[in-house]
Structure formats: C-alpha cells, structure tokens
Amino acid sequence: MNIFKKIAYRSYQVVFKLAIPFLPYRKPKLLEDNLALVTLFDGLKPLIITDKTLMQLGLLNKLLELLRKNDISYFVYDGVKPNPTISDVEETRSLYLENNCTALLAIGGGSAMDLAKACGARIVRPKKSISQMKGLLHIHKKLPLLVAIPTTAGTGSETTLAAVITDEKLHYKYPINDFSLIPHYALLDPDMTINLPPSLTATTGMDALTHAIEAYIGRSTTKETRKMAKEAVNLIVNNIYLAYTDGKNITARKNMLLASHYAGIAFTKSYVGYIHAIAHSLGGQYGAPHGLCNAVIMPYVLNAYGKTAETKLADLALVAGLATATDSKTIQAKKLCDWIKDINHKMNIPTKIKQINKADIPAMAKHAYKEANPLYPVPKLFDLADLEKIYYEVAENV
Ligand SMILES: [Zn+2]
C-alpha cells in the first residue's frame, strides 16, 4: 500500500480511537431469567424473531407459556435463515406493523439478531432503505425495545451496534452500524445452547474467538476491551472443545456464552479486521457460513500479519495458558496459532474453502478491501494484491 494511503487510513483510525470515550456506546443490560424478561414486556407486544429449528426443538415453549400466563400478547416470526436479506427485513417490518407490535425479541444466533436490529431500524426510519443505512451512523433514532436471547455462542451480536444484511440481488453482504442498534437487554441462558450441534458449537465458538483476537491485535483497544478480549480468549481456549464434545455440559456452555458476550463488547469498540472482511465477502458471494469462514481464514491472516501482531498474540497465548513466560514472544504467538489450527482440525473444520472460484476473487477482494479500509484498525494494512493472495491461499480449487 502506498505511503499516502497508509497515512490517510491510519489518521482516520486514530480519530476514531480518540473519539471512543465521547461516543454513546452502551452495553445491553443482562436479565436474570425469563421472569425478568416477561416483566419487561408488561404492556408491550413483542414481535419474536426466531427460526423454525428452535421452535421445533421446543426451546421457546417455556418462555411463550410464561408470556401467555401473564397476558402478554406476542407474534412469532420463525422464518430466520442464515444471512438475512433485505426482503427478510421488509417481511418482518410488515409483520410488526400489521400485528401492532411494540417491541422486538430476537431469539437465535447472529442472523436472528441482525434481522431484528435491521427490522427495528426500518421501523424507526420508514423512508430510508437498508442500502441507504449501509456503513456508519445512518439511523440516529431510538429503536423500539429490543431484547436478545442468543442461542449460539457466538456472534456476540447481543452486544454490538452492527447488523449484517445481504443484498440478495447484488450478492453483497454488508454491515449497518449505529449505536441505536445495540440491544437494550440480553438474556444469557445456557439451556438455550445445549441443543446446538457440535459443528455449530465449533464454528460459532471460533467466530467469538475471531472477534476477541481481531479486537485485541487491532490498534484501537481500550483498557476495557483488552480485558474483555483476554477473558474471552481464555474462556474459549479452555471450554470450546468441552462444549463441542459434551454439549450438555452446562458450565462449558455458560462459559462459551460469556466468552461470546465479552468478545462482542471488545469488538464493538475495537473493531474486527481482515479475517471478518474476507469472511463477509465469502458470505455475500456464496452464502458460506460466517463462523466457518472465520475459523478457516484466521490462520492465514494471522500469518500474513507476521511480526506486527506477534506481541499481542503472545499476550493472548499466555493468558489462555497455551504458552509459558519463558518462551520467546515468537514462540508464544506461534503456540496460539498452532492451537487454532489444531482445534480446527479436532473439530472437523477444514483448512480450505471449497466454494471459492478464481473468477470471483478480484471482486471479493475489492469488497473486503472496502469494508476494512480505513475503518478497521488492523495491525498491518493490506492492499488489494495482499488480499487477493489470501483468497488464493484459502481456496481449495484454484
Ligand atoms: Zn463474526
């Protein structure tokens, strides 16, 4: 990347870093249990945004019964699919209005929460399309009461100001970001995650790890986000395999939910990096699952950062007990990267991405470049050629 661009991008990031203490960040308030949730909805009518699998598993039964018992009416939309689209947003918005709903309750993984946030944004901004909300701070208006119950651990989406939406016509996936999209409340209930199959436990857990690592190695950390990211990495390293092999282990599930939540708090203020930018481009182009993409891409991008991320990766390796203080920084960082490759292998995550088509690489690299630069305070700036090289490394069939 040429020096003038570098200076421009880094200056932009410094301005954002300096602005952190003055921006209206907030954390969702954590609810104790279902009863607290029901009390919150007293006098309101939530549109519950969830998916068919969770309904069929009966995971919502207890909560719905409690709502009925307390005379709280609600409407359930169970059409959430991975990578919510603009038409999904419009559909939920119509349901909200037709059914006179007054609050939003997202129950599910990142897609349910993304959809609920985008639906809320369209409700308070009826004249602005989702594509006009792309990027930073185009909503500027309070959303209806928005509560999130994550059923994966996870996206950490219950803490974030982003909703990732796919434009199905353009095959383009992008985030809309605004402080008003941060859910007002969240309920972290490990019982909601015990049915998550091992493959999803693995990929969503690796997504949370990516949030924590990208936030920590970036240049815009704060004391709080460093603490949150370290705690998240420690919890994930020490619980993900347990949750993967023994899904009913409530302690492991609870720790993974907490880790995902902490990682969410970390990257909300300190951003992600090229791993996410590349993963989003693959999601937009092929519908490739987000967590899986991050898990596969992570070792390649960390390797490409080289020395620039070494000291910080070394810190994380130490915190998680993967390295000792007597190891050199290089060895400590390598131990974390080796652990990532090893845990991917143990959890049946591939080392390459099958779908990548050579002809699509330039356009995807451009999308990733645009998403990351200048917003993400990455340890090392990549230009288009650097990014394309990573797609070639990650691709299985080119
Ligand atoms: Zn993610």
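The values are calculated or read from the model by the stated rules, or taken from the named source; none is laboratory data. Since this is a predicted model, take the numbers as computed values, not measurements. Every residue, glycine as well, gets a Cβ built from its backbone with ideal geometry; the counts of neighbours run over all protein chains shown.
A few notes on this one:
- Some residue of the range 257-270 being aromatic (Phe, Trp, Tyr), on the phi > 0 side of the Ramachandran plot and within 13 Å of the ligand (Cβ to nearest atom): no
- Checking each residue in the range 173-207 for being surrounded by fewer than 19 Cβ atoms within 10 Å (Cβ to Cβ) and of a type in the set (Phe, Trp, Tyr) picks out Phe179, Tyr185.
- In the range 355-371 there is at least one residue matching the filter, namely being modelled with pLDDT under 95 and out of contact with any helix residue (DSSP H, G or I) (no Cβ under 6 Å at 6 or more places or on another chain).
- Check on Lys227, more than 12 Å from the ligand (Cβ to nearest atom) and either in contact with a Gly (Cβ under 9 Å, 6 or more places away or on another chain) or modelled with pLDDT of 95 or more (or both): yes
- Residue tally, condition more than 19 Å from Thr39 (Cα to Cα) and of a type in the set (Phe, Trp, Tyr), over the range 69-102: 2
- Within the range 129-143, residues that are under 11 Å from Pro175 (Cβ atoms) sit with their Cβ atoms under 7 Å from residues that are hydrophobic (A, V, I, L, M, F, W, C) and in a loop (DSSP other than H, G, I, E, B), at 6+ positions apart or across chains, in these pairs: Met133/Ile139.
- The range 183-220 - residue that is β-branched (Val, Ile, Thr) and more than 16 Å from the ligand (Cβ to nearest atom) and, of those, nearest to the chain's Cα centre (by Cα): Thr193
- As a summary of the residue check, Ala314 satisfies the conditions (1) within 24 Å of the chain's Cα centre (by Cα); (2) touching a residue at least 60 places away in the same chain (Cβ under 8 Å) except for the one numbered (2).
- Here Gly291 does not qualify as closer than 26 Å to Ile20 by Cα, in contact (Cβ under 8 Å) with a residue 12 or more places away in the chain, within 13 Å of the ligand (Cβ to nearest atom) and small (Gly, Ala, Ser).
- Residue count for the range 106-136 satisfying the condition of being within 16 Å of the ligand (Cβ to nearest atom) and of a type in the set (Lys, Arg): 1.
- For the range 91-120, filtered to residues that are charged (D, E, K, R) and surrounded by 15 or more Cβ atoms within 10 Å (Cβ to Cβ), the residue that is nearest to Leu47 (Cα to Cα) is Arg93.
- Scanning the range 18-37 for residues that are surrounded by fewer than 16 Cβ atoms within 10 Å (Cβ to Cβ) and in a helix (DSSP H, G or I) gives Leu18, Ala19, Ile20, Pro21, Phe22, Leu35, Ala36.
- Test set (1) within 16 Å of the ligand (Cβ to nearest atom); (2) at pLDDT 95 or above - Asn303 fails condition number: (1)
Here is a yes/no grid of residues against (1) over 29 Å from Asn238 (Cα atoms); (2) surrounded by fewer than 21 Cβ atoms within 10 Å (Cβ to Cβ); (3) assigned by TED's automatic domain parsing to the domain that holds Ile236:
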position	(1), (2), (3)
Leu302	no, no, yes
Val319	no, yes, yes
Ala325	no, yes, yes
Leu336	no, no, yes
Ile343	no, yes, yes
Ala359	yes, yes, yes
Ala365	yes, no, yes
Ala372	yes, no, yes
Val378	no, no, yes
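- Among the residues making up the range 50-71, a single one is of a type in the set (D, E, K, R), closer than 22 Å to Leu115 by Cβ and not in a helix (DSSP H, G or I): Asp51.
- Exactly one residue out of Ile165, Ile139 is more than 16 Å from the ligand (Cβ to nearest atom) and on the phi < 0 side of the Ramachandran plot, and it is Ile139.
- Conditions (1) away from the ligand (no atom under 16 Å from the Cβ); (2) under 20 Å from Thr221 (Cβ atoms): number failed by Thr326: (2)
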